[in-house]
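The values are calculated or read from the model by the stated rules, or taken from the named source; none is laboratory data. These figures come from a predicted structure and were not determined experimentally. Cβ atoms come from the backbone with ideal geometry, glycine included; neighbour counts cover every protein chain shown.
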Amino acid sequence: MQFTHSTAHIRGGTARYQPPELFRGIPSHFGSDVYAFACTCYEILTRRVPFHELPNDVTVMFTVVEGNRPSRPEACHSGTSALDGLWQLLQICWDGQAEKRPNAAQIVEQLEGLSIRTSTVLSMTDWDEKFTSKFRRSLPDIRLLPSVAHIERQIFGDLGSSM
């Protein structure tokens, strides 16, 4: 196990989101990201970081290596098939062996499946067949014409903004 003085681990991330293989010194695998994805889902679902009940990162590390995972809080026991399906997906993503965790396509398939029933929506504002969104966001935002609000401020001063 590797210990650091901060929560940032040399390989990236924090202890509460890292899979057991990283604590054992095994090289990261796409499954390591899948484990972290499940931890992020847990935080969104519960509004608490994984292992919130544990006092420090060292305790979390030993807990994860021992095979323990975040427990399902009472608030998440609604009995709906979507919530039950999501919780089952998190369990699969937290598998102790990285190779057994689902890949991204399998996760999406589970999310869109009969139990969870999410739907995907393509963001038309961020989709471009030729350039990645990261590339496009790196370009400066050059406007050819001023906005209506800018023109109103130039004509009417501050009075235009209250119209």
key: Of residues in region 78-110 being more than 13 Å from residue 34 (Cβ to Cβ) and not polar (S, T, N, Q), the one surrounded by the most Cβ atoms within 10 Å (Cβ to Cβ)   = 86
query = Among the residues of region 15-34 satisfying the criterion of being crowded, with 19+ Cβ neighbours inside 10 Å and touching a Leu at 6+ places or on another chain (Cβ under 9 Å), which is nearest to residue 101 (Cα to Cα)?
reply = 32
Enumeration of residues in region 47-106 that are of a type in the set (Asp, Glu), farther than 21 Å from residue 15 by Cα and touching a residue at least 12 places away in the same chain (Cβ under 8 Å) = 84
inquiry  = Only one of 59, 118 is more than 21 Å from residue 44 (Cα to Cα) and either modelled with pLDDT under 90 or among the β-branched types (Val, Ile, Thr) (or both). Can you tell me which?
reply    = 59
query = Looking at residue 26, is it part of a loop (DSSP other than H, G, I, E, B) and at pLDDT below 90?
reply = no
ask   = For region 87-97, does any single residue satisfy the condition of being aromatic (Phe, Trp, Tyr), within 22 Å of the chain's Cα centre (by Cα) and either modelled with pLDDT under 70 or under 30 Å from residue 22 (Cα atoms) (or both)?
value = yes
note = Residue hits (region 32-81; assigned to a helix (DSSP H, G or I), over 14 Å from the mean Cα position of the chain (by Cα) and not polar (S, T, N, Q)) are 57, 58, 60, 61, 62, 64, 65, 74, 75, 76
